[in-house]
Every structure is written in C-alpha cells, then in structure tokens.
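Coordinate-derived values only; no laboratory data. Just so we're clear, the structure is a prediction, and the values are computed from it rather than from any experiment. Using ideal geometry, Cβ is built from the backbone for each residue, glycine included, and neighbour counts are taken over all protein chains shown.
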Amino acid sequence: MPHKIVLIGRPNVGKSTLFNTLIGERKALVERTPGVTRDRLYGEAEIEGRKVTVIDTGGLTPEVEELFSHEILRQAEEALAEADLVLFLVDARTGLTPLDERIAELLRKKEKPVLLVINKVDSKKEVLNLGEFYALGFEPLLPISAKHKKGLENLRKEILAHL
Ligand code: GDP
Ligand code: MG
C-alpha cells in the first residue's frame, strides 16, 4: 500500500491546486460519502520513483465552506485518520487566520507528522511575511507557489524524508 499524504487547510489556500500539481496528468478518484458535504479526492503521485497516494479534501465552494468551519474541522479530523503524512496548507497572501490556528490545534493533538506548507509565495514580496506562521508551532516552514510551481523540489524532498 502506498503511503497516504493528506492535504489539509482552510478553503482557498490552494489544496486542490497543489493536488493537481502533485498528481500531474493522472486521474483522480472521487469518493462520495453519503451524508458528507465534502468529497474526498484520491490521486496517485510519484515522488522520485516512489508511489504515494495524495488525498484532497474539499468540494464546497470556498464561500460556502467559510460558513461551516466546524464541518471543515470535522472533515480534517476524518481525513487525518488515514494519513501517514499531513501537508498543512496556509496562504501567504491572506496571512494567518483564526481557522488556521484551530486546524493547527487539532493537528498538534495528533501523532501524525505534519509539514507546514505556505502556499502562494509567488515572489520575494510574500517571503517577507512568513514570520507570523511560526506561531502555528510547526517547523520548518515550506514556502511554495502551487500555481507557479515554485518550491516544489524542496517540498518533495521533505515529503520523501518523512515516508
Ligand atoms: P482550495 O480551496 O484549498 O482547494 O484552493 P484552490 O486550489 O481551489 O485555490 C484557491 C485559489 O487560489 C484559486 O483561485 C487558485 O488559482 C489560487 N491559488 C492556488 N495556488 C496559488 C499560488 O501558488 N499562488 C497564487 N497567487 N494563487 C494560487
Ligand atoms: Mg479544493
């Protein structure tokens, strides 16, 4: 069984963008759980020859999800149960939010390894604002731009180190 990497983070941080970047051209499998408002997406990725399963959580529009932070936390907890490694995504452009802090709190209570991935670091401008994310209590900070495919080599290296 390949290792399972779960993408966790509040809506709009770029989980699905990173998911698509990691799985590339491969197809994702949708698992629709009855009564659950967020579908889970399973994709296969290969990191330096190692097969891993990447799991994206999401499905509602960010607007709708903002109204249901308790539901997001519940889904994060559910996805965590099957994770070997968590990629906890935050957004450098909006900065730290209360929901990020609540997710971090949930993750700190678990024994799962967590990589704190700061997305939307498209340029040096965003690098200047990364310091506040140390407050979440996860190190190192891994700045990436999922959209512009920056920082991904370093992220892949860190993922491999945790498998
Ligand atoms: P999710 O709700 O966490 O799955 O987030 P999405 O992957 O749907 O992305 C939310 C928005 O952020 C979309 O408009 C993306 O194009 C945008 N986005 C994702 N990654 C980046 C990035 O690295 N830089 C910038 N500037 N925008 C990004
Ligand atoms: Mg999404």
Problem - Under 13 Å, Cβ to Cβ, from L89 - net charge with Lys/Arg +1 and Asp/Glu -1 - result: +2
Problem - Cβ-based net charge around A135, under 14 Å, with every Lys or Arg adding one and every Asp or Glu removing one - result: -3
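Going down the list K15/K150; K110/K149; K15/K149; K15/K157; K4/K27; K15/K112, which pairs span over 24 Å between their C-alpha atoms? Write down the numbers at each step before the final one.
Working: K15/K150 15 Å; K110/K149 30 Å; K15/K149 13 Å; K15/K157 19 Å; K4/K27 16 Å; K15/K112 19 Å.
Violating the 24 Å limit, Cα to Cα: K110/K149.
Order of Y42, Y134 from fewest to most other C-beta atoms within 10 Å?
On the way: Y42 16, Y134 13.
Lowest count first: Y134, Y42.
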